[in-house]
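The values are calculated or read from the model by the stated rules, or taken from the named source; none is laboratory data. Since we're looking at a predicted model, the values are computed, not measured. Note that each Cβ is placed from the backbone with ideal geometry, even for glycine, and that neighbours are counted across all protein chains shown. We work out accessible area using only protein heavy atoms, side chains counted, and drop any ligands, DNA or RNA first. Shrake-Rupley method; radii C 1.70, N 1.55, O 1.52, S 1.80 Å.
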Amino acid sequence: MSDPETTFTITDVYFVWSTESVFLGLCLYINCTTVLSSTWVNWSSGLHSYLLTALAWLAVGNSVDTILNAVRSNVSDPATIIGVNIAEDIVEWAVLVTFICVNYTRFRQSTQTGSALPTWVPKALRGILALDIIVASVIYICYMTADSRDAIWPGLDTAYSSFAVYDALANTAITAAFIWHLQLAVSQKRIGVPSTSTVAGSVIATVEETSGHARGSHPVPSSPSTTAISAGGKKGPMQSAINKFVSRLARAPSSEAESTIAKIRGFLALECAILILANVLRISIPDFDPQWSLVFFGESLRLRIFNWFFVILNDFEGSNGSAPSSSQIGGQSSTGGGNSDAGKSSNARAGDVIKSVAA
């Protein structure tokens with residue numbers, strides 16, 4: 001019988017524990033479920049959202065990154081190690097930057113038709129996003145430069161782990177703002193308060209058009225601020241689905257709505273805590289996780305948690321497990337009012353303003 005220590009076989013005679021193999025299998029399993037779940041939700045709900053498509057590709061990229069890391073630790077040829085390192089750097093950079101962009105895009109789409117959030121929140125998030133992308137690009141350029149020269153730059157791993165903590169906090173801030181928006185939107189709908197920016201945009205656009213026709217001339221071009229408000233009224237299938245999700249939470253018992261929001265907050269805390277813990281351990285005790293297994297596990301889990309929101313959205317949209325088509329989702333959109341009476345009263349107030357201006 002051949003020696004199992006010198007011959008590569010599918011199975012070994014003796015069981016050998018390998019923590020790296022355990023985490024590799026766990027990460028690949030989580031990423032596989034993310035790909036299948038995001039693809040299924042995107043197809044079955046009729047949303048056809050590029051966010052879900054990007055999420056599936058992010059999970060594929062994370063799997064490739066995890067495999068490359070495992071391959072690198074089991075090769076000895078210097079040229080192969082350099083090639084694997086550079087390939088891993090490129091994949092990691094693409095996954096990291098794409099994820100925070102997808103996370104911010106979800107927030108931007110959810111607030112597209114107006115939000116009760118303070119105006120400084122979107123501006124702050126854009127600054128956080130820009131800083132994250134710039135610092136990530138600089139760090140990975142340094143990694144690729146060092147790897148191409150087969151050199152080790154002291155402090156580069158520590159700099160990366162410190163940045164990874166910031167990246168986790170940056171994504172937490174974006175997701176927290178998204179949850180904050182959902183809470184405010186649900187509260188507004190419960191008390192029947194229409195979205196300020198949406199009503200204002202409708203009133204201003206209609207007033208300008210009416211005034212222009214009353215003068216017998218072409219409508220007056222909107223000012224930049226007015227254009228921004230008016231443009232927010234367009235909703236795609238994803239925006240309509242989020243609005244419907246908020247409407248159903250507003251109609252649900254308070255305990256159910258609070259439980260759903262609490263679950264989202266809880267998973268956000270878990271996602272952030274795992275990544276921060278993994279990178280803090282890399283900084284303080286480098287030998288505890290030499291293969292970065294906890295970091296890869298945290299990144300895989302982050303994608304799965306991000307996908308979980310869209311699963312909830314699909315569950316709220318569908319009935320008996322089946323989701324409506326894209327046209328059905330877009331057909332029942334809300335402009336921020338708590339119910340049909342609130343929407344009618346908003347239109348009535350807008351009509352009064354228009355009549356007074358036209359007079």
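Got at least one residue in the stretch 92-101 being polar (S, T, N, Q) and within 25 Å of ILE305 (Cβ to Cβ)?
Just the residues of the stretch 92-101 that are polar (S, T, N, Q), to begin with: 98.
Okay, now just the ones that are also within 25 Å of ILE305 (Cβ to Cβ), so 98.
Among the residues of the stretch 92-101, at least one is polar (S, T, N, Q) and within 25 Å of ILE305 (Cβ to Cβ), which makes the answer yes.
With the requirement that a residue be closer than 19 Å to ASN103 by Cβ and of a type in the set (Val, Ile, Thr), what does the stretch 40-66 give you? First the steps, then the outcome.
Narrowing the stretch 40-66 to residues closer than 19 Å to ASN103 by Cβ: 41-42, 47, 49-62, 65.
Of everything in the stretch 40-66, those that are closer than 19 Å to ASN103 by Cβ and of a type in the set (Val, Ile, Thr) turn out to be VAL41, THR53, VAL60.
Could you tell me which residue of the stretch 97-131 is surrounded by the most Cβ atoms within 10 Å (Cβ to Cβ), considering only residues that are charged (D, E, K, R) and farther than 18 Å from LEU303 by Cα? First the steps, then the outcome.
Looking only at the stretch 97-131, we keep the residues that are charged (D, E, K, R), and these are 106, 108, 123, 126.
Now restrict to residues that are farther than 18 Å from LEU303 by Cα: 108, 123, 126.
Numbers: ARG108: 14, LYS123: 10, ARG126: 12.
Among those residues, the one meeting the criterion is ARG108.
Being open to solvent by 60 Å² or more (accessible area, probe 1.4 Å) and modelled with pLDDT of 85 or more: is that true of LEU281 here? So that I can check it myself, show each step before the final result.
Values: open to solvent by 60 Å² or more (accessible area, probe 1.4 Å): no; modelled with pLDDT of 85 or more: yes.
No; evaluated as a whole, the condition is false for this residue.
At least 1 residues that are surrounded by 15 or more Cβ atoms within 10 Å (Cβ to Cβ) and at pLDDT 85 or above in each: list the helices (runs of 4 or more DSSP H) lying fully within the stretch 134-236 that qualify.
Numbers: elements: 156-191, 196-214, 224-231.
Correct list: 156-191.
Does GLU271 satisfy the criteria of being modelled with pLDDT of 85 or more, within 17 Å of the chain's Cα centre (by Cα) and among the acidic types (Asp, Glu)? Break it down stepwise before answering.
Working: modelled with pLDDT of 85 or more: no; within 17 Å of the chain's Cα centre (by Cα): yes; among the acidic types (Asp, Glu): yes.
Criteria not met by GLU271.
Looking only at the stretch 68-86, which residues are buried (at least 16 other Cβ atoms within 10 Å of the Cβ) and farther than 20 Å from THR145 by Cα?
Across the stretch 68-86, the qualifying residue is only ALA70.
What residue, of SER38, SER44, is surrounded by 19 or more Cβ atoms within 10 Å (Cβ to Cβ) and either of a type outside the set (Lys, Arg) or more than 30 Å from ASP287 (Cα to Cα) (or both)? Steps first, answer last, please.
Values: SER44 fails: surrounded by 19 or more Cβ atoms within 10 Å (Cβ to Cβ).
Answer to the selection: SER38.
Taking ALA59 as the residue in question, decide whether it is free of Cβ contacts under 8 Å to residues at least 60 places away in the same chain, more than 20 Å from THR145 (Cα to Cα), touching a Ser or Thr at 6+ places or on another chain (Cβ under 8 Å) and open to solvent by less than 60 Å² (accessible area, probe 1.4 Å). Give the derivation first.
Working: free of Cβ contacts under 8 Å to residues at least 60 places away in the same chain: no; more than 20 Å from THR145 (Cα to Cα): yes; touching a Ser or Thr at 6+ places or on another chain (Cβ under 8 Å): yes; open to solvent by less than 60 Å² (accessible area, probe 1.4 Å): yes.
Against the criterion (free of Cβ contacts under 8 Å to residues at least 60 places away in the same chain, more than 20 Å from THR145 (Cα to Cα), touching a Ser or Thr at 6+ places or on another chain (Cβ under 8 Å) and open to solvent by less than 60 Å² (accessible area, probe 1.4 Å)), ALA59 does not qualify.
Is the stretch 328-347 home to any residue that is under 19 Å from SER37 (Cα atoms), open to solvent by less than 50 Å² (accessible area, probe 1.4 Å), assigned to a helix (DSSP H, G or I) and modelled with pLDDT under 50? Explain how you work it out, then say what you get.
Taking the stretch 328-347 first, the residues under 19 Å from SER37 (Cα atoms) are none.
Among the residues of the stretch 328-347, not one is under 19 Å from SER37 (Cα atoms), open to solvent by less than 50 Å² (accessible area, probe 1.4 Å), assigned to a helix (DSSP H, G or I) and modelled with pLDDT under 50, which makes the answer no.
Among the residues of the stretch 242-263, write down those that are surrounded by fewer than 20 Cβ atoms within 10 Å (Cβ to Cβ), touching a residue at least 60 places away in the same chain (Cβ under 8 Å) and closer than 18 Å to PHE306 by Cβ.
ILE261
Would a scan of the stretch 318-325 turn up a residue that is modelled with pLDDT under 75, open to solvent by 10 Å² or more (accessible area, probe 1.4 Å), in a loop (DSSP other than H, G, I, E, B) and at positive phi? Walk me through it before giving the result.
Initial filter on the stretch 318-325 (modelled with pLDDT under 75): 318-325.
Pick out the ones that are also open to solvent by 10 Å² or more (accessible area, probe 1.4 Å) and you get 318-325.
Those still in the list that are in a loop (DSSP other than H, G, I, E, B) too: 318, 320-321, 323-325.
Those left that are additionally at positive phi: 320-321.
The answer is yes; a qualifying residue exists.
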